[in-house]
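Remarks on the structure that follows.
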Amino acid sequence: MSEFTVTETKANHVKIFDTTLRDGEQSPGASMSLGEKLQVAEILDGMGVDVIEAGFPIASNGDFEAVSEVAKTVKNAVVCGLARAGAKDIDRAAEAIVHAKRPRIHTFISTSPVHMKYKLQMEPDAVYEAVIASVTRARNHTDDVEWSAEDGTRTDFDFLCRCTEAAIKAGATTINIPDTVGYSVPEEYYALFQSLMERVPGADTVTFSTHCHNDLGMAVANSLAGVNAGARQIECTINGIGERAGNAALEEIVMAIKTRGDKLPYWTSIDSTYLTRASKLVSAVTSFPVQYNKAIVGKNAFAHESGIHQDGMLKHTETYEIMTPESVGVAATSLVMGKHSGRHAFREKLKELGYEMGDNAFADAFKRFKALADKKKHVYDEDIEALVDDEIGTADDGIKVMALTVIAGSMGPQMATLTLDIDGEHRTVQAMGNGPVDATFNAIKEMVPHDAKLQLYQVHAVTEGTDAQAEVSVKLEENGKTVIGRGADPDTLVSSARAYVHALNKLITKRERTKPEALKAG
Ligand code: KIV
Ligand code: ZN
């Protein structure tokens, strides 16, 4: 396959800074629960991400707690908390990352004329002073400090040089120049880094970083242009999620560098076989579907439909494949297990799919696998992933779906009889509705009264065939906060009930955990 061997030196190593849990989570509707953030952080750490930006600690108590828990659990990566230039932000970020093995504070301020005038309402000199004060304060907490010039690509070049020089003098170890609004083109971004590194005293003592948004679809190209000019850190997210059109996609950056070593003579520490699983996990916890033709991780990224292509592939895979599906973690075959598969085979399969489970969680997952295999002839990898993700997501829920019977069809009225376990107590109600899903949700509302609004109800077939599991996502909104619940089962109505109850559980936890404030960074 067309992979080039690059001599791996310190000078050509590109650090991967993942901001799925911060910039990614900021995209409307992508909020994740604490447990989901920990799951994502674990896989990022496992795949070899250099820096995990875990959140924006001052934004809310929930964000603080998430950064703090990620900091405690991550084993290898640097864990970073974001802070604006103010003292309170920086101190809160420092508090959140205090238990990290390798803590970093990332502080930022806008430097472009439009942001300084309208957003900050500050004069450039005051911004310049704030750069010095913020980096100095962050350095008093930790040696690893990143400074970002928000809207850097629309900043006056002389002012950008002044602020960058000040940040380096104050002790910043990484300098990030974001293309906050996704406006740049590759040549321009390249030239910006090149000029900055030539002009700013001390530039050779720090790592320069790219941070590109995808408003014009050039986030990945711009990031790589920045690296060609000398940047050695790329900020990116799984599936490219993030504000508006998103951030540069981690999987695209990693595979571009890995596949085109001839033109991009760099290397990253990422084990690319994790990419597919990470993509699926982030898609599942955010309920953001991955477009079928998405590079690297889309369902069709390695599918060959036309006769000519299939013929070529059968003769030699390199005719139409520039990387192997295995290199990004797509299993060679996904037909796996059935009702005769035992515990040992199931445990091996979980290991192969990247799941590590304690004995109790394993026993529960195995029970559900057996029940599924009784209903479904072929159990595919995707089925097991959906089942286990569902199990992990709902393990600690106070409300659980125990039984559901639904009367549906053209004769009406549609009616659901539902039994829930609410904190250990079983309750059953019957409710009618405008269709079986509505009846099921009405039954839940009767047992757990709430005012949350249903914002999204989405069904997705995990595999092909009419016996496929249905994976349902439900988004609920209450006082501006949204939560997403998921459920998987061969019965669409059971998945719907599980997804709604999962969301409700999260909402209840979130109510207890967070205060109403929610800040956003660019
Ligand atoms: O896009 C941006 O400028 C940001 C900064 C906070 C780094 O996300
Ligand atoms: Zn951003």
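The values are calculated or read from the model by the stated rules, or taken from the named source; none is laboratory data. Being a predicted model, the structure only gives us computed values, none of them experimental. Don't worry about glycine lacking a Cβ; one is built from the backbone with ideal geometry, like all the others, and counts go over all protein chains shown. With ligands, DNA and RNA removed, areas are computed over all heavy atoms of the protein, side chains included. Shrake-Rupley method; radii C 1.70, N 1.55, O 1.52, S 1.80 Å.
Given a 1.4 Å probe, how much area per residue of the chain is accessible, in Å²?
Numbers: 23020 Å² over 522 residues.
Result: 44 Å² per residue.
Counting only protein heavy atoms and a 1.4 Å probe, tell me what percentage of the chain's accessible area is made up of carbon and sulfur.
Of the solvent-accessible surface of the chain, carbon and sulfur hold 52 percent.
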Practice item. In nm, give the distance between the simple-model label positions of Lys72 and Tyr457, each being 7 Å from the Cα along the Cα-to-Cβ direction. Key: 3.8
Point to revise | Whole-angstrom gap from the stretch 192-262 to the stretch 429-457, using each part's C-alpha centre | key: 46
Exercise for review: Would you mind computing, in nm to one decimal, how far apart the modelled labels at Asp158 and Asn293 are, each placed 7 Å from Cα along Cα→Cβ?
Suggested key: 4.7
Review point. What number, rounded to the nearest 500 deg cm²/dmol, is the helix-based mean residue ellipticity at 222 nm of the chain, given -39500 (n - 2.57) per DSSP H run of at least four residues and division by all its residues?
Key: -12000 deg cm²/dmol
Study note, to complete from the structure: the stretch 23-266: spread of alpha-carbon positions along the three principal axes, whole Å, largest first, is 44, 44, 33
Practice item. Kindly report, to the nearest 10 Å², the accessible surface of Asp383 as traced by a 1.4 Å probe over protein heavy atoms only. Key: 0
Revision key, fill the gap. If the chain between Lys169 and Leu216 were fully extended at 0.36 nm per residue, the gain over the current Cα-Cα distance would be 13.5 nm
Exercise for review: Sticking with the crude label model, points 7 Å out along Cα→Cβ, report the distance from Asn140 to Lys377 in nm, one decimal please.
Suggested key: 7.1
Exercise for review: Report the relative contact order of the stretch 395-511, percent, no decimals, based on alpha-carbon pairs under 8 angstrom and at least 6 residues apart.
Suggested key: 19
Practice item. Could you tell me the accessible area of Phe366 in Å² (1.4 Å probe, neighbours in place), rounded to the nearest ten? Key: 20
Check your understanding: Taking amide hydrogens as modeled 1.01 Å from N in the peptide plane, which residues meet the under 5 Å criterion relative to Gln455, leaving out close sequence neighbours?
Key -> Lys475, Leu476, Glu477
Review point. What FRET efficiency comes out for the pair Arg368/Arg427, r = Cβ-Cβ distance, R0 = 30 Å, nearest 0.05?
Key: 0.85
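List the relative contact order of the stretch 190-314 as a percent without decimals, with contacts defined as Cα pairs under 8 Å and 6+ residues apart. The partial results should precede the final answer.
Details: 149 pairs, mean separation 21.5, N = 125.
Worked out over the stretch 190-314, it gives 17 percent.
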Exercise for review: Jot down the per residue volume, in cubic angstrom and as a whole number, of the convex hull over the alpha-carbon atoms of the chain.
Suggested key: 163
Check your understanding: Applying the Karplus parametrisation 6.51 cos²θ - 1.76 cosθ + 1.60 with θ = phi - 60° to the phi angles of the stretch 397-407, what ³J(HN,Hα) value in whole Hz is obtained for each residue in order, glycine and proline being reported as x?
Key -> 5, x, 10, 10, 7, 9, 7, 8, 10, 10, 9
Check your understanding: In sequence order, what are the phi-derived ³J(HN,Hα) couplings for the stretch 323-331 according to the Karplus relation 6.51 cos²θ - 1.76 cosθ + 1.60 with θ = phi - 60°, rounded to whole Hz, with x for glycine and proline?
Key -> 8, 8, x, 4, 5, 10, x, 7, 5
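Under 8 Å for C-alpha pairs, at least 6 residues apart: give me the relative contact order for the chain, rounded to a whole percent. Kindly include the intermediate steps, with their values, before the conclusion.
Working: 1081 pairs, mean separation 66.0, N = 522.
Relative contact order, the chain: 13 percent.
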Review point. In what sequence, largest accessible area first, do Arg92, Arg277 appear using a 1.4 Å probe?
Key: Arg92, Arg277
